[in-house]
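The values are calculated or read from the model by the stated rules, or taken from the named source; none is laboratory data. Model, not experiment: these values are computed from the prediction. FYI the Cβ positions are ideal-geometry reconstructions off the backbone, even for glycines, and counts take in every protein chain you see.
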Amino acid sequence: MKKLLYPAVAAVVLSLTAPAPAQAQELRFIRESVYKMNYGDMLVWNEIYLEHIAPILTVMTEAGTIEGFAAWQHDTGGEYNWRFAMRYFDFESIQTALSDFNRRMGESMPAEAMEKLQAMMGAHRDQIWEVMDVNVPESATTNYMYEAEFYINPANLAKWSGAFEEMWKPALDQAMADGKLVGWVTLGHVHGGPNNWKLALLHSEWDNIDDVWNATFEALGEEMNALLGMIESHYDHIWVPVLPEGG
């Protein structure tokens, strides 16, 4: 089994969306910010996040300003190495919540900590996604999040989505029933970023990641070649959650 890079990263119930049981789901929105920094700065970045930013987001969640939040750091793949997401009840609440977050940051974040964050930050990108479909049990514990992000020509999105619903989704649900997958989420593009469709696979064990993809490819069968032809750009990224020491 693969070892985690940092002792502060263990397991987390807050997944990509930290959703309630699948049958109670409603569509919601996620604003994610991804960052690129020197790996030597990441532990300091995490300490500032956990000490100064996470408490603000906890208060905002308890107040109902946002529905939840999560932070993840790089394990494998992708251009960026730190990911932060806030989840919203509806699209209209995004700007209100961001204004509240910035105000609270300005009031409580020590100037020295803010200067450290700004000095460590390299590349940065924001993107808003709409949660399209989700199956994540309430008690899910996630150690790894595998994100597969695509740009699909809009003319092909209906066929792509239909193939997911008919063949891909049942394979993922079966992987959950077999204990190979904790849960999954699909997201559609709303604003920002280069891609327009995302699948997030939530895992408790590293060794199950390839097994789930192999089962998916088998389920898609001959349709796989047609789907591959619809992909204009694509990247994979594996993340691990940011938690306090001993969390």
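Considering each residue of region 138-195, count those that are assigned to a helix (DSSP H, G or I), small (Gly, Ala, Ser) and touching a residue at least 60 places away in the same chain (Cβ under 8 Å), and give that number. Residues in region 138-195 being assigned to a helix (DSSP H, G or I), small (Gly, Ala, Ser) and touching a residue at least 60 places away in the same chain (Cβ under 8 Å): 1 in total.
Which one of these is assigned to a loop (DSSP other than H, G, I, E, B), surrounded by 18 or more Cβ atoms within 10 Å (Cβ to Cβ), touching a residue at least 40 places away in the same chain (Cβ under 8 Å) and at negative phi: Leu227, Leu243?
Working: Leu227 fails: assigned to a loop (DSSP other than H, G, I, E, B).
Step by step, each of Leu227, Leu243 is checked, and only Leu243 is assigned to a loop (DSSP other than H, G, I, E, B), surrounded by 18 or more Cβ atoms within 10 Å (Cβ to Cβ), touching a residue at least 40 places away in the same chain (Cβ under 8 Å) and at negative phi.
Condition check for Ser233 on (1) surrounded by fewer than 19 Cβ atoms within 10 Å (Cβ to Cβ); (2) farther than 22 Å from Gly162 by Cα: one failure, at (2).
Of all the numbered requirements in (1) among the hydrophobic types (A, V, I, L, M, F, W, C); (2) under 16 Å from the mean Cα position of the chain (by Cα); (3) at pLDDT below 95, Leu98 misses one, and that requirement is (2).
Residues that are small (Gly, Ala, Ser), in contact (Cβ under 8 Å) with a residue 24 or more places away in the chain and not in a helix (DSSP H, G or I) are absent from region 97-116 altogether.
Could we say that Asn135 is exposed (fewer than 15 other Cβ atoms within 10 Å of the Cβ), farther than 27 Å from Ile56 by Cα and touching a residue at least 40 places away in the same chain (Cβ under 8 Å) here? Considered against the rule, which asks whether it is exposed (fewer than 15 other Cβ atoms within 10 Å of the Cβ), farther than 27 Å from Ile56 by Cα and touching a residue at least 40 places away in the same chain (Cβ under 8 Å), Asn135 comes out as no.
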